[in-house]
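Chemist: Okay, here's the structure, questions in a sec.
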Amino acid sequence: MPRVKSCGWALVLLAALVAYFPHSTVAARLTSGTTINLELLQTISSRYSDPEPSVYFRVQRDVIADGEVVVRTGTFVKGTLANLQDRGRMARSASLSLDVPFVSAVDGQAIRVIAGMTRAGRNRDDAMAAGIILFGAFGLLTRGSEVWIPAGSVLEAQVLNDRTIDTSPIGKNSPQQPSAARFHATVIREHISGLGTGAVRFKVDHPPSMGMLRIELRNDHELSPDARPLEPWQVVQVGDLELPMPVAAATGEPPISFPAWSVLQYCRPGPNRIVLRAPSDAGPMEAELQLQFEPVVRR
């Protein structure tokens, strides 16, 4: 009989331990030299991009180690515009460089990587020489070309050091889903200052001057007096991309306005669904519009 009691107490203790530690740690070894493909989320332009804000990528496909996913598809990765040189006189073309220092693993670890991308504008030496011959000293005013790196470009990052990644369910980070919109508004008019109506045509070598994207909205429902934006409208999604950093409107008064490039940089060639969102006392408000983006590359 005492032995039966001791066995009973052992089973109770075992059950308590299982309840307290429901998941065992599963570790996978991510080795140095492993390649992580990163997709650039925004177009970087030597004319419009600001060296201060971050540059964003997302992991293009799962990274597997020891049969476990250690870096998840779609993980946002923050990079920097490491160098930006504007085009100048005497046919000097622009150049820019991107750098990515870290990629997040499924357990939240910042994995050190080596990754960089550099682009320079077309060589304009012939143009400068022709300018000097034809126009004398005025030929020195020949300008170089702009340069860009289009959204969707792929950067290969190399893992710098071996790392042990916790791939157990309790160690994984789950992506947060945005709150569903309660009220909707209709876009009745949009306009980008400095550009004509219709498709946005973006010349790579000599981009057009553009100012603000202005949007006029009309509420689709009878809203209570409190169902008004508490904060400025934000662009939160372009195409299938939920922006890593929403773009806030410069003004909340009709028409609401955004710096045009802050939105266009996330667009891909063709039609782009732009989703706007704003909080209110009565619940989230949402609106959407379509922008046609047509980059033009001179050959």
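Chemist: Counting only residues that are within 16 Å of Y48 (Cβ to Cβ) and assigned to a strand (DSSP E or B), how many does the range 250-290 have?
Modeler: Matching residues across the range 250-290 total 2.
Chemist: Now, a different point. Filter the range 34-79 down to residues that are in contact with a Leu (Cβ under 7 Å, 6 or more places away or on another chain) and not β-branched (V, I, T), then give me how many there are.
Modeler: 12
Chemist: Taking into account only those residues within the range 18-46 that are at pLDDT below 85 and surrounded by 21 or more Cβ atoms within 10 Å (Cβ to Cβ), which is farthest from V236 (Cα to Cα)?
Modeler: Restricting to residues being at pLDDT below 85 and surrounded by 21 or more Cβ atoms within 10 Å (Cβ to Cβ), the top hit is S46.
Chemist: Scan the range 244-261 for residues that are surrounded by fewer than 20 Cβ atoms within 10 Å (Cβ to Cβ) and without any contact (Cβ under 8 Å) to a residue 40 or more places away in the chain and jot them down.
Modeler: Those that are surrounded by fewer than 20 Cβ atoms within 10 Å (Cβ to Cβ) and without any contact (Cβ under 8 Å) to a residue 40 or more places away in the chain: P246, A248, A250, T251, G252, E253, P254.
Chemist: Would you call T197 out of contact with any Cys (no Cβ under 8 Å at 6 or more places or on another chain) and modelled with pLDDT of 65 or more?
Modeler: Taking the combined requirement at face value, the residue does not satisfy it.
Chemist: A further question on this structure: I'd like the full set of residues that are touching a Pro at 6+ places or on another chain (Cβ under 9 Å) and without any contact (Cβ under 8 Å) to a residue 24 or more places away in the chain, limited to the range 263-291.
Modeler: Q290
Chemist: Still on this structure, please answer the following. Quick one: count up the residues across the range 266-286 that are modelled with pLDDT under 90 and crowded, with 18+ Cβ neighbours inside 10 Å.
Modeler: Going through the range 266-286 one residue at a time, the tally reaches 3.
The values are calculated or read from the model by the stated rules, or taken from the named source; none is laboratory data. None of these values were measured; they are calculated from a predicted model. So basically every Cβ, Gly included, is an ideal-geometry build from the backbone, and we count neighbours across all protein chains shown.
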